[in-house]
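The values are calculated or read from the model by the stated rules, or taken from the named source; none is laboratory data. Everything numeric here is computed off the predicted structure, so don't read it as measured data. As a convention, Cβ positions derive from the backbone with ideal geometry for all residues, glycine included, and neighbour counts pool all protein chains shown.
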Amino acid sequence: MGAFPEGLGRPELAELYYYMRLTRSLEERLVNLKRQMKIAGGVYRSLGQEADTIGSAYALDRSQGDVVCPMIRNLGAILVQGASVTDILRQNLGKASAPSRGREQSFHYADLDRGFIGHIANLGDMIPVMAGVALSFRMRKQPRVVLVYSGDGMMSTGAFHEGLNFAAVQRLPLVVVCENNGYAYSTPGHLQTRVKSLHHKAAAYGIPGVVADGNDVIAVHQVTREAVARARRGDGVTLIELLTYRRTGHAEHDNQAYVPADEVQAWEKKDPIAQFVERGVANGWFAAAEIAETDRRIAAELDAAIEKVEAEPDVPVEYALGDVYRA
């Protein structure tokens, strides 16, 4: 049997697989619901990026009250934080029972009890917002850490740099994870920045910048765990660049025509879930039969959740103005 990775035993490795597979399977179900015209909003898949989200979010400590702010491809992060599959389905299907009561589909909502804050469409703006959250933790002398995600394109926005500079100067307990997946919507990285390695931008703010293979969930977990520990000690911000790839279009409406077919095929061979299973079975961390049982459990969980949520009432028209105007 191969040695277990530092800080991870058999139960933790099983959870890493569970959350990666749950993320992919749930997104596959959402795509099917979208194609059945049951979802009016966008569906943004993380196919090929599951390891970077799960490995990083899993490094947070929920018992300490750590908080995460996802982007559109970080559904897995809020699952790790305890978001329920039924609530995510309710959001996407616009049900009256959804956390946002049908006002915003996808997972643009917050659950402070579970430790996640919903993102907004202007993605770069979440860096200064989450820097403010981290500042509030420090002012209250709470040993809590904030993790916020960024894309490569998001790193070219002014708000990103203003927020990162403020967080660096204030030595805030913030971890910024940049998912470098090759494209900012349809714009390849070399057409939106001259910097070859995005973690090098950290030097401009006097903070550490590290890079890891975003398709290796264990490598992601290790670098993020170190950054979280550093933040909790009071040593400030870390910028993490995770090298990965978006194997689908920006959303279901994007046919990805701007991407060379052989590029996608090359990254399919680096699939993060397949790599993790192969490595885990080879090292004796788990058996193939355990993986198959987890897959069956997830399929049953999703079947039950979809049946339940589809039967729930849709949003009444009058909900649109509720909680908007106050007497």
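Please state which of the following conditions Gly284 fails to meet, knowing it meets all the rest: (1) surrounded by fewer than 15 Cβ atoms within 10 Å (Cβ to Cβ); (2) within 22 Å of the chain's Cα centre (by Cα); (3) in contact (Cβ under 8 Å) with a residue 40 or more places away in the chain. Here Gly284 clears every test but (2).
Taking the condition of being part of a helix (DSSP H, G or I) and touching a residue at least 40 places away in the same chain (Cβ under 8 Å), how many residues in the stretch 298-326 meet it? Please lay out each step first, then the result.
First, the residues of the stretch 298-326 that are part of a helix (DSSP H, G or I): 298-310, 317-321.
With touching a residue at least 40 places away in the same chain (Cβ under 8 Å) added as a condition, the list becomes 298-299, 301-302, 305-306, 308-310, 319-320.
Of the residues in the stretch 298-326, 11 are part of a helix (DSSP H, G or I) and touching a residue at least 40 places away in the same chain (Cβ under 8 Å).
The residue list Ala159, Ala110 contains one member that is closer than 25 Å to Glu50 by Cα and of a type outside the set (Asp, Glu), which is Ala110.
Number of residues in the stretch 57-80 that are surrounded by 20 or more Cβ atoms within 10 Å (Cβ to Cβ), not in a strand (DSSP E or B) and not acidic (Asp, Glu) equals 15. Hey, any hits in the stretch 242-263 for a residue that's more than 30 Å from Gln105 (Cβ to Cβ) and in contact with a Pro (Cβ under 9 Å, 6 or more places away or on another chain)? So far as the stretch 242-263 goes, no, none of its residues is more than 30 Å from Gln105 (Cβ to Cβ) and in contact with a Pro (Cβ under 9 Å, 6 or more places away or on another chain). Applying a threshold of 6 Å to beta carbon distances and a minimum spacing of six or more residues, or different chains, the list of pairs starting in the stretch 35-53 at a residue that is farther than 13 Å from Leu89 by Cα and ending at one that is of a type in the set (Asp, Glu) and crowded, with 24+ Cβ neighbours inside 10 Å reads Asp52/Glu179.
For the stretch 25-55, the set of residues classified as of a type in the set (Lys, Arg) and crowded, with 21+ Cβ neighbours inside 10 Å consists of Arg45 only. Restricting the stretch 105-141 to residues that are β-branched (Val, Ile, Thr) and in a helix (DSSP H, G or I), the residue that is surrounded by the most Cβ atoms within 10 Å (Cβ to Cβ) is Ile127.
Kindly establish whether Ala59 is in contact with a Pro (Cβ under 7 Å, 6 or more places away or on another chain) and modelled with pLDDT of 95 or more. Walk me through how you get there before you give the answer.
Numbers: in contact with a Pro (Cβ under 7 Å, 6 or more places away or on another chain): no; modelled with pLDDT of 95 or more: yes.
Here the answer is no, as Ala59 does not meet what is asked.
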